[in-house]
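The values are calculated or read from the model by the stated rules, or taken from the named source; none is laboratory data. Everything quoted here is computed from the prediction, not taken from an experiment. Cβ: placed from backbone, ideal geometry, glycine included. Neighbour counts: every protein chain shown.
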């Protein structure tokens, strides 16, 4: 050990954000282990202390022995008389440090310290990356596609790679080398191998964050996103509410000539987005959620949290949507089970009931 080594350690402490006390304490522990492994035949029973000067790097190894009246184990004990020969201040029960620094300990110590420093640097870097990304959990981030393997897409986030799993990819979306992608950070895990970032292109949170980035009124809280339902790559519904009567929530999200929503649609590779007005009244909310279909009537069953919806005959297929998508998204958005009938179907059911009566 030398002063240059100590200066290098302090530079590492500064650059990597490692605790200086923790680093030196860990080095001390490593030096004790190195001494016991290489120089001490009684490693399991001798107490050893290592002292490293934090300015010069000079190292001393001490065997620690307890002062006793009668010695039964000369490896861990020392008589009071022998202790007094070292220093008159020692009393029964005190610990005496006896230097046992081997002549060739410097090389072993340097190797042990090097291994500890390398390990601490790795741990510090992992910790720094984890602490940086944990603050971005449930947020949006831009990454660069670097490779694809077994259905997974590997994305460079700057300091770390993230894996976009098959279930988190938009169906039919192509991911090309060096392509920039906006991703939603679903979870940040702290593992033994460092931070693990789980990202998604299908999560509803991606749509929410994109609107927050694109619509200042949402970012500053004037317009609020109440709910989102999404079938990634195909269609999404977003319910919005204005906290200022002078601000039109839907208009703010759409933007002048549809520029704001179109920007989000482009980012999601032409995924359709329905922006609907939120309402505290379930009947109105459900009616709005079934847009673009026009609803004639909504009847609620509070016990089952289900709604019976009636539309004109020519609106039925629009209300249900292709393969039931529109009503399915509306149900997810509102939290109500929705049963849609055409005006004719509802009339026949009423007639059948009346006839039965």
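Just checking, which of 304, 344 is farther than 30 Å from residue 201 by Cβ and under 38 Å from the mean Cα position of the chain (by Cα)?
Answer to the check: 304.
Would you confirm whether any residue within segment 153-167 is in a helix (DSSP H, G or I) and either farther than 29 Å from residue 254 by Cα or modelled with pLDDT under 95 (or both)?
Yes, the conditions are met somewhere in segment 153-167.
Is it true that residue 73 is within 20 Å of residue 49 (Cβ to Cβ), in contact (Cβ under 8 Å) with a residue 12 or more places away in the chain and in contact with a strand residue (DSSP E or B) (Cβ under 6 Å, 6 or more places away or on another chain)?
Against the criterion (within 20 Å of residue 49 (Cβ to Cβ), in contact (Cβ under 8 Å) with a residue 12 or more places away in the chain and in contact with a strand residue (DSSP E or B) (Cβ under 6 Å, 6 or more places away or on another chain)), residue 73 does not qualify.
Table: residues versus (1) in contact with a helix residue (DSSP H, G or I) (Cβ under 9 Å, 6 or more places away or on another chain); (2) surrounded by fewer than 15 Cβ atoms within 10 Å (Cβ to Cβ); (3) closer than 30 Å to residue 176 by Cβ.
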site: 85; (1), (2), (3): no, yes, no
site: 112; (1), (2), (3): yes, no, no
site: 127; (1), (2), (3): no, no, no
site: 141; (1), (2), (3): yes, no, yes
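What pairs come out if I take residues in segment 147-162 that are buried (at least 16 other Cβ atoms within 10 Å of the Cβ) and pair them with residues that are in a loop (DSSP other than H, G, I, E, B) whose C-beta lies under 7 Å away, six or more apart or interchain?
Filtered contacts from segment 147-162: 153/169; 153/175.
Please state which one of 59, 78 is crowded, with 16+ Cβ neighbours inside 10 Å, within 28 Å of residue 18 (Cα to Cα) and touching a strand residue (DSSP E or B) at 6+ places or on another chain (Cβ under 7 Å).
Testing whether each residue is crowded, with 16+ Cβ neighbours inside 10 Å, within 28 Å of residue 18 (Cα to Cα) and touching a strand residue (DSSP E or B) at 6+ places or on another chain (Cβ under 7 Å) leaves just 59.
Can you name the number of the only condition in (1) in contact with a helix residue (DSSP H, G or I) (Cβ under 7 Å, 6 or more places away or on another chain); (2) farther than 17 Å from residue 260 by Cβ; (3) modelled with pLDDT of 95 or more that residue 211 fails?
(2)
Against the condition surrounded by fewer than 16 Cβ atoms within 10 Å (Cβ to Cβ) and either in a strand (DSSP E or B) or more than 18 Å from the chain's Cα centre (by Cα) (or both), how does residue 217 come out, does it pass? Steps first, please.
Values: surrounded by fewer than 16 Cβ atoms within 10 Å (Cβ to Cβ): no; either in a strand (DSSP E or B) or more than 18 Å from the chain's Cα centre (by Cα) (or both): yes.
Taking the combined requirement at face value, the residue does not satisfy it.
Would you point out which residue out of 59, 12, 27, 98 is closer than 30 Å to residue 159 by Cα and modelled with pLDDT of 85 or more?
Only one candidate qualifies: 27.
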